[in-house]
Amino acid sequence: MKRNIITIDSEKCTGCGLCIPNCPEGAIQIIDGKARLVSDLMCDGLGACLGHCPEGAISVIEREAEAYDEKKVMVNIVKQGANTIAAHLNHLKSHGQDQYYNEAVAYLEENGIAIPVLEDNEPAEACHGGCPGSKTMAFKKSTVSDEPTVKRESELTHWPVQMHLISPNAAHYRGSDMVLAADCTAFALGDFHRDFLRGKTLAIACPKLDEGLEIYADKIRALIDIAKINTLTVVIMQVPCCGGLLHLAKQAAGSAERKIPIKCVIVGIKGEIIKDEWV
């Protein structure tokens with residue numbers, strides 16, 4: 001049958017293994033120093049591992065492949081314990097795979113295996129495993145500001161800002177201090193413009209969803225060597241897939257002829273600064 005399934009570019013893969021814990025089906029293993037898809041029937045093709053590879057070596061393609069077999073996957077999942085079972089069930093639920101979810105639950109019931117429950121008694125599907133960055137959450141702010149509303153001016157001084165659209169040859173980048181921000185950061189940070197964008201140039205990207213990351217690496221090198229930016233601040237969210245943007249920036253900077261300081265800022269999902277330091 002023809003279906004979606006992951007493919008791994010062995011030339012890009014460095015064997016770091018970051019994809020393995022992010023495959024809820026256990027379909028990836030490191031073999032001979034490279035990540036490999038060990039069996040077609042264990043890959044559901046939903047791409048939970050996408051974005052966890054810092055080299056962009058994993059993608060989803062459509063090809064002839066053996067049908068995904070939820071029961072055979074569960075045989076492997078059960079051996080790894082309750083946490084892995086919960087993560088797998090949540091992965092299926094969060095991707096709307098009700099048929100596979102029901103098959104997994106049926107397998108557990110048939111074999112007398114309890115469906116995991118979290119410590120706070122939430123059902124297993126609330127436990128997020130495969131795609132930490134897309135876990136659904138809601139949270140309330142502890143305080144509400146009673147300060148009078150003041151209109152703030154945007155600190156953005158140029159356009160465009162998306163990495164695929166920017167030109168390293170644009171005059172505004174020359175000799176600037178630049179911010180490379182993950183798409184979500186400006187929405188999580190209440191004062192992104194004031195604290196991070198003022199007096200700086202900007203480019204935005206998503207290491208999980210954007211394609212053509214090698215183009216981004218080329219542009220970062222050009223920004224360093226041709227535009228001669230002074231510093232690069234990489235602002236990312238505290239989710240695993242976002243780390244790929246920092247890795248990409250460091251790798252591109254490492255291959256540039258000029259050497260510049262790089263700062264990493266990690267933002268929590270509630271808008272708090274987890275890390276702010278030069279790397």
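Where a number appears in this text, it was derived from the coordinates with a stated rule and is not lab data. Just so you know, these numbers come straight off a predicted model, no measurement behind them. All Cβ positions, even for glycine, are placed from backbone atoms using ideal geometry, and neighbour counts span all protein chains on display.
Within the chain, the ratio Rg/Rh, alpha carbon atoms throughout and Rh by Kirkwood, equals 1.03. Please build a GNM for the chain, connecting alpha carbons under 10 Å apart, and tell me which residue among C264, C241, C53 fluctuates the most. Maximum among the listed residues: C264.
Which net charge results for the neighbourhood of A27, defined as the other residues with beta-carbon distances under 13 angstrom from its beta-carbon, given Lys and Arg at +1 and Asp and Glu at -1? Don't skip to the answer; put the middle values down first.
Details: positive: R36, K72; negative: E25, D40, D44, E66, D69, E70.
That sum, taken over residues with Cβ under 13 Å, equals -4.
Evaluate 2.2 N^0.38 Å with N set to the residue count of the stretch 1-77, then give the Cα radius of gyration divided by it.
Working: Rg = 11.7 Å, N = 77, 2.2 N^0.38 = 11.5 Å.
Taking the Cα Rg and dividing by 2.2 N^0.38 Å, one obtains 1.02.
Label separation (I30 vs Q251): 1.6 nm, computed from points 7 Å beyond Cα along the C-beta direction. For the stretch 171-278, the equivalent ellipsoid derived from the Cα gyration tensor has semi-axes of 21, 16, 12 Å, listed largest first.
Across the stretch 2-131, C-alpha contacts under 8 Å between residues 6 or more apart give a mean separation that, scaled by the residue count, equals a relative contact order of 27 percent.
Loop sites only, by DSSP: take the GluC sites (Glu not before Pro) in the chain that have at most 16 other C-beta atoms within 10 Å and name the longest stretch containing none of them. Mind dumping the intermediate values first?
On the way: sites that count: E11, E66, E119, E153, E155, E211, E257, E272.
Segment 156-210 is the longest.
Based on the Stokes-Einstein relation at 37 °C and a viscosity of 0.692 mPa s, and on the Kirkwood radius from alpha carbon pairs, the stretch 2-131 is assigned a translational diffusion coefficient of 218 µm²/s. For the chain, the 222 nm mean residue ellipticity estimated from helices alone, with every DSSP H stretch of n ≥ 4 adding -39500 (n - 2.57) and the total spread over all residues, rounds to -7000 deg cm²/dmol.
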